[in-house]
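Laboratory data are not the source of any read-out in this text; all were calculated from the coordinates shown. Keep in mind that this is a model prediction, so the values were computed, not measured. As a convention, Cβ positions derive from the backbone with ideal geometry for all residues, glycine included, and neighbour counts pool all protein chains shown.
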Amino acid sequence: MWGLKAWRRRLTSGRAAVDEELWEKVVSRFAFLRALTPGEKRHLHDLTQRFLGSKQISGAAGLQLTDEMRTVIAAQACLLILNLSLDYYQGWVEVIVYPGDFMPRHEYTDEDGVVHVEREPMQGEAWLQGPVILSWEAAAELENNLGVNVVIHEFAHKLDMLNGEPNGFPPLHDDMSREAWLQDFTSAYQDFCVRVDRGEDTAIDPYAAENPAEFFAVLSEVFFETPQVLRRAYPKVYRQLSRFYCQDPVVRVMH
Ligand SMILES: [Zn+2]
């Protein structure tokens, strides 16, 4: 466990050390991390330590977090920004981890002014300029469920939120075209919704049909975990994500 004093020291230094042994253990857990080149692994290790030094990852509902658990979460979160920068996770500091599904209380007012309270079990949640909330059970169980990854999902929402409410349109790089992004994502989204409506057994989680923000987050999971599935289904979207994340994960899984 990290004591508060050690934690503060690490925060001040901007980096929380993850020793080689623990790092190897965490990397070996996930096929999509094992597939990285030695250089990429080293870079991810460095980013992960800086992520741990700048974010506060805490357990909720009695969950006691270990260094290993924090590293498991941070390493996956940093995979998205491997070729971007830690600045993509700026403006918020907290990651809250529940032992399993959690029941957030969502209040909203409908058109008639009636206030509704929703309580639905969730595995992850990302707040605009606020925390990322995760179920440890879901975050730790990924190897058995390739193509589904709650950590990648919620951190993709965080990237989407860099320019406001999530809408599947994160801030693109200067050499990318907003029109092309919109066109490629919209036509893929429409095609996917038709398939889901038809009751097709899609290779991609049907939850992606919920709205364009979920489409981006779910496709980011597929992009990193089973990239060949995404490239087969929506090659143009694969290329857009590849340019946005500055990574080409299909090359990794072909080795
Ligand atoms: Zn989502």
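Projecting the Cα atoms of TYR238, LEU172, VAL218 onto the charge dipole of segment 157-255, computed from C-beta unit charges around the Cα centre, puts TYR238 farthest toward the positive end.
The charge dipole of the chain, taken about the Cα centre with unit charges on the Cβ atoms of Lys, Arg (+1) and Asp, Glu (-1), comes to about 1240 debye, rounded to the nearest 20.
Whole number please: convex hull volume per residue of the Cα set in segment 37-176, in Å³? Mind dumping the intermediate values first?
Values: hull volume 20.1 nm³, N = 140.
Convex hull of Cα atoms, per residue: 143 Å³.
When the Gaussian network model of the chain links Cα atoms closer than 10 Å, the mean-square fluctuations of LEU162, LEU230, LEU80 top out at LEU162.
Restricting attention to the chain, the count of lysine pairs at 8 or more positions apart or across chains with alpha carbons under 25 Å apart stands at 7.
Work out, step by step, the length gained on full extension between TYR108 and LEU162: first 0.36 nm times the residue separation, then minus their alpha carbon distance; give nm to one decimal.
Values: separation 54, 0.36 × 54 = 19.44 nm, distance 2.37 nm.
That works out to 17.1 nm of additional length.
Starting with the fewest neighbours, write out MET176, MET69 ranked by other beta-carbon atoms found within 10 Å of each beta-carbon. It would help to have the intermediate numbers written out before the result.
Working: MET176 13, MET69 18.
In order of increasing Cβ crowding within 10 Å: MET176, MET69.
Rounded to whole numbers, the Karplus 3J(HN,Hα) couplings from phi for segment 111-128 are 4, 8, x, 8, 8, 10, 10, 10, 9, 10, x, 10, 9, x, 7, 10, 9, 4 Hz, using 6.51 cos²θ - 1.76 cosθ + 1.60 with θ = phi - 60°, and x at Gly and Pro.
The H on the amide N of VAL97, modeled in the peptide plane, is under 5 Å from the matching H of SER58, GLY59, ALA60, LEU134, each at least 5 residues off or on a different chain. Per-residue ellipticity at 222 nm computed for the chain from its helices equals -15000 deg cm²/dmol, with DSSP H segments shorter than 4 residues left out and the rest contributing -39,500 (n - 2.57). Based on every Cα atom in the chain, Rg and the maximum pairwise Cα distance Dmax equal 18.3, 58 Å. Distance from the alpha carbon centroid of segment 223-242 to that of segment 198-216 works out to 14 angstrom.
Other residues within the sphere of radius under 11 Å centred on the Cβ of PHE51, judged by their own Cβ, net out at +3 (K and R +1, D and E -1). Using the Karplus relation 6.51 cos²θ - 1.76 cosθ + 1.60 with θ = phi - 60°, the per-residue 3J(HN,Hα) values for segment 203-210 come to 6, 9, 3, x, 4, 4, 7, 4 Hz, with x marking Gly and Pro.
Near ARG252: Cβ cut-off under 12 Å, other residues only, Lys/Arg at +1 and Asp/Glu at -1. The net charge is -1.
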